[in-house]
Number of protein chains: 2
Amino acid sequence: MTDTFVVVGGDAAGMSAASKAKRDDPSLEVIVFEMGQWVSYGACGLPYYVKGEIESLDDLVSLTPEEFIDDRDIDLRLGHEVTAIHTADKTVTVEANGESFDQAYDTVLISTGARALEPPIDGMDLDGVLTLHSMHEGGAVRDFIETKDPDSVGLIGGGYIGLEMAEAFRGRGLHVELFEMLPHVLEPFGEAVAERVEEHLREEAVDLHLETAVDAIRGERGRVTAIEADGEDYPVEMALVGTGIAPNAELAEAAGIELGETGAIATDEYGRTSAEDVFAAGDCAEATNVVTGRPDYVPLALTANRHGRAIGETVASGELTEVGPIAGTAVVKVFDLEVARTGVFDEDLAAEAGFDPVSVTIEAESRAHYYPGGTPIRIQLTADAESRKVLGAAMVGREGVAKRIDTVATALHAGMTVDEVEMLDLAYAPPFSPVWDPVLTAAKVLGSKVDTAQPVEADD
Amino acid sequence: MTDTFVVVGGDAAGMSAASKAKRDDPSLEVIVFEMGQWVSYGACGLPYYVKGEIESLDDLVSLTPEEFIDDRDIDLRLGHEVTAIHTADKTVTVEANGESFDQAYDTVLISTGARALEPPIDGMDLDGVLTLHSMHEGGAVRDFIETKDPDSVGLIGGGYIGLEMAEAFRGRGLHVELFEMLPHVLEPFGEAVAERVEEHLREEAVDLHLETAVDAIRGERGRVTAIEADGEDYPVEMALVGTGIAPNAELAEAAGIELGETGAIATDEYGRTSAEDVFAAGDCAEATNVVTGRPDYVPLALTANRHGRAIGETVASGELTEVGPIAGTAVVKVFDLEVARTGVFDEDLAAEAGFDPVSVTIEAESRAHYYPGGTPIRIQLTADAESRKVLGAAMVGREGVAKRIDTVATALHAGMTVDEVEMLDLAYAPPFSPVWDPVLTAAKVLGSKVDTAQPVEADD
């Protein structure tokens, strides 16, 4: 009897799992239900599509539906929405073309992704108020710019999407008003890094409003005319809402599957949920943080691909394959800056996770002092005072940041102390680094600070 | 009684040791004897000085002699050559201004550096035959170009210096004939990487002659006119010889101090030599390779600085401080390419060191497939079949290589397996990397190859 592997949602995690399972065990029946029309696409590329650096939405697709169906022999059904998972019967209910049917599974993967959050403010339904998470939404933003030719945009939210879109809109020649409720943009990157990013946004003529809650989006005749914030009206002709994303965990929750504290689907080290033969991966699921050992919700592309693949391997082989922990490593391009993070460098978060954090922020040049074109790299590095283990880092600079963060990410996976990081033999040549790489300098300064840190009382 | 710390040679290792020792113990008498007139300079910047990107030799200096003397209270003596170390008496003999005297020490550091090798060929004494290792030599090369205005240069040797100088000379508009005896340039970076570098050199109009031994440098009226190689004459108006460097170990050897198999001064994990209270560091000394655990000679700036500093700490504190192992991490810019290496990726060298090496070479893009401007990165990655530990890597590409090598270097220090490297949470954003970083792709391919590698017989 052929085993049936049902995948709910056909983006990175789902298609990775389906492909890997089918490749490892061609006798497996692999069915993917995708409610939309796109699979396996690079949503991270949407800002560059809007900016115009990428011509077509099709360019963002890694593999077409036809390639999955014809070349990989996967039973991919577009326009099919799974509306219920019956874990006792091991079936899912599917709706498509106005009809409904049940499909049996031996194993099911929930890879339903996430969606853009919509804040509870007036005016969200006006024409010209857009979000950016799916391919469809990306298409709508570019269409709006190209057909309505707005002169200005209000960006609500200063996270990844908000900042990448600030660059995209400025590239399109729009005036940008950016609103962030918190004291700083890019909250997961910390204040030291954010301050440098904010300076740069202002250099790039973005009108930045920090600690500024948007009260409403104003419109006339159904079209956006202004953002109302802190009692003032800022005239704009469109609005893009990037106030975060939420996991699509409702389907799992309705099936009685356990969610974690983060609101995403709880999983174990193999990607298993609380229900038998039900896995979850990607932007709908939690993962284990390598620094804290605790569940975390960091919905990023690599994790989705990697966890999907590992689950596909488990399904095909019948042997449990670990999906692997995450370090929460991330990088974002903000105009000419590279902004990166990994681990737990925020002292409050580190303390909450049970550490005794010590943190330093340093600046060092990206090149040898005499080599032309060097620019400062700012690094925040944090370690635990007792174990001396490095807990995380954030970095910002015009060059040499995007992949330099990986040195610290690798150290986190290895559980290295700040002293071990200081002793790393890192690459040096005048065009690429000072003799002492900025990471080594940060580790040296942090090591000294840890030496002099007050010992914590045992009963603290 | 004040202790006396004598340092022989005032470049990176020597001045780092002197500065650290004096800072940690201001009561220490620290005397540095430097035979030349320059201390603490960035010799790695000389090619860019010759190219004209750096204006003055003074720009390469980190700290002036006056700063060491006045600000750091170090007794720095320029133009002072140590001609003998008497380990039994604990004195050194010094020559300066035509006179000679003895100086007693409690501890001495040999940091005499290295020198450019001069191959035994005819014509080395012609006007216009130059080497490039010291500040003096760098000055002479640029002077020759600016005063004699040559149209062409013969580069003898395709190592770091040869390739950096090819870029510098092309930048000056000279025609470049480059001669390398071996089948490939950049021998320590391996064939897979070298082939890509050679392609690029040809794109940059460098006339490349591989497996071509130079027989002689020809001249007329004392001036260079041609390079004779393989029976042919290649007309050139100057010659730069970059056939490697040799450790200045003669002073140590004459003092009865043990040299290693590499010809450099043998040292232990604290930088101690075979003689009591005699340390050695920098380009004259060996270091321990973190992959093989064996002595190695990789004369590079970071090691010199780091080992000097550690020895300074030991001298000041009286407690032994480890100098730290090296991974042999290096990066070099060759025109528009970044070329990097770390560890032991060459299969023959790995086998000699007792490993059962398995190696793969992959190509992956530097950016997401849809993001404009991506270029291929080639990576050779090697692991031990039995332990699955990663042993080393080499990389080449137009971007994203210089600091990506540090991920592997960090993994080497941590002793990670190829499977652990494959599971690293590395940074992804479309402008900087594919979702699966090229290092992860290399690890995945290598892991599969290790899986299928023939097991080695126990008695092999």
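The values are calculated or read from the model by the stated rules, or taken from the named source; none is laboratory data. Note that the structure is a prediction, hence the values are computed from the model and not measured. Virtual Cβ from ideal backbone geometry, glycine too; neighbours counted across all protein chains shown.
A Cβ distance below 9 Å, combined with a sequence gap of six or more or placement on separate chains, defines the contacts here; from the range A:436-451, residues that are within 12 Å of another protein chain (Cβ to nearest Cβ) and more than 13 Å from residue A:366 (Cβ to Cβ) reach residues that are of a type in the set (Phe, Trp, Tyr) and buried (at least 19 other Cβ atoms within 10 Å of the Cβ) in the pairs A:444/A:436. For the range B:29-64, a residue qualifies if it is out of contact with any Phe, Trp or Tyr (no Cβ under 9 Å at 6 or more places or on another chain) and of a type in the set (Gly, Ala, Ser), and the qualifying residues are B:36, B:43, B:52. Going through (1) touching a Gly at 6+ places or on another chain (Cβ under 6 Å); (2) within 20 Å of residue B:236 (Cβ to Cβ) one by one, residue B:119 falls short only on (1). Residue A:326 falls short of the stated requirement of being more than 22 Å from the chain's Cα centre (by Cα) and either within 14 Å of another protein chain (Cβ to nearest Cβ) or on the phi < 0 side of the Ramachandran plot (or both). In the range B:352-363, the residues that are over 11 Å from residue B:291 (Cβ atoms) form Cβ pairs under 7 Å with partners that are surrounded by fewer than 18 Cβ atoms within 10 Å (Cβ to Cβ) and at pLDDT below 95, at six or more places apart or across chains, as follows: B:356/B:456; B:358/B:453. Within the range B:174-211, track down each residue that is over 21 Å from residue B:382 (Cα atoms) and of a type in the set (Gly, Ala, Ser). If the condition is that a residue be over 21 Å from residue B:382 (Cα atoms) and of a type in the set (Gly, Ala, Ser), then B:205 is the only one that fits. Kindly indicate whether any position in the range B:194-215 is buried (at least 17 other Cβ atoms within 10 Å of the Cβ), in a helix (DSSP H, G or I) and either aromatic (Phe, Trp, Tyr) or without any contact (Cβ under 8 Å) to a residue 12 or more places away in the chain (or both). Yes, that holds for at least one residue. Test residue B:378 against the stated conditions and say whether it is within 14 Å of chain A (Cβ to nearest Cβ), under 25 Å from residue A:437 (Cα atoms) and of a type in the set (Lys, Arg). Judged against the criteria, residue B:378 is not a match. Surrounded by 24 or more Cβ atoms within 10 Å (Cβ to Cβ), at pLDDT 95 or above, within 13 Å of chain B (Cβ to nearest Cβ) and out of contact with any Asp or Glu (no Cβ under 9 Å at 6 or more places or on another chain): is that true of residue A:430 in this structure? So residue A:430 fits the description; yes.
Only one of the numbered conditions (1) in contact (Cβ under 8 Å) with a residue 60 or more places away in the chain; (2) over 21 Å from residue B:424 (Cα atoms); (3) surrounded by fewer than 24 Cβ atoms within 10 Å (Cβ to Cβ) is not met by residue B:397, and that is (3).
Can you confirm whether the range B:375-393 contains a residue that is within 30 Å of residue A:50 (Cβ to Cβ) and either of a type outside the set (Val, Ile, Thr) or modelled with pLDDT under 95 (or both)? Yes, the range B:375-393 contains at least one residue that is within 30 Å of residue A:50 (Cβ to Cβ) and either of a type outside the set (Val, Ile, Thr) or modelled with pLDDT under 95 (or both).
In this structure, is residue B:83 touching a Ser or Thr at 6+ places or on another chain (Cβ under 7 Å), farther than 30 Å from residue B:172 by Cα and either surrounded by fewer than 16 Cβ atoms within 10 Å (Cβ to Cβ) or among the hydroxyl-bearing types (Ser, Thr, Tyr) (or both)? Spelling it out, residue B:83 is indeed touching a Ser or Thr at 6+ places or on another chain (Cβ under 7 Å), farther than 30 Å from residue B:172 by Cα and either surrounded by fewer than 16 Cβ atoms within 10 Å (Cβ to Cβ) or among the hydroxyl-bearing types (Ser, Thr, Tyr) (or both). The residues of the range A:116-146 that are part of a loop (DSSP other than H, G, I, E, B), in contact with a helix residue (DSSP H, G or I) (Cβ under 9 Å, 6 or more places away or on another chain) and of a type in the set (A, V, I, L, M) amount to a single one, A:132. Confirm whether residue B:368 is buried (at least 22 other Cβ atoms within 10 Å of the Cβ), in contact (Cβ under 8 Å) with a residue 24 or more places away in the chain and more than 21 Å from the chain's Cα centre (by Cα). Against the criterion (buried (at least 22 other Cβ atoms within 10 Å of the Cβ), in contact (Cβ under 8 Å) with a residue 24 or more places away in the chain and more than 21 Å from the chain's Cα centre (by Cα)), residue B:368 qualifies.
The listed residues are A:78, A:60, and the only one of them that is of a type outside the set (Asp, Glu) and surrounded by fewer than 21 Cβ atoms within 10 Å (Cβ to Cβ) turns out to be A:78. Residues in the range B:145-162 that are under 22 Å from the mean Cα position of the chain (by Cα) and farther than 18 Å from residue B:229 by Cβ: B:160, B:161.
Residue-level analysis places residue A:347 among those that are closer than 26 Å to residue A:442 by Cα, among the charged types (D, E, K, R) and modelled with pLDDT of 95 or more. Select from the range A:338-365 the residues that are within 30 Å of residue B:422 (Cβ to Cβ), touching a helix residue (DSSP H, G or I) at 6+ places or on another chain (Cβ under 8 Å) and within 14 Å of chain B (Cβ to nearest Cβ) and write down the one among them that is surrounded by the most Cβ atoms within 10 Å (Cβ to Cβ). Only one residue tops the list, namely A:342. Listed by first and then second residue, the pairs with beta-carbon distance under 7 Å, at least 6 apart or on different chains, first residue in the range A:408-422 and within 8 Å of another protein chain (Cβ to nearest Cβ), second surrounded by fewer than 24 Cβ atoms within 10 Å (Cβ to Cβ) and small (Gly, Ala, Ser), are A:414/B:414; A:416/B:414.
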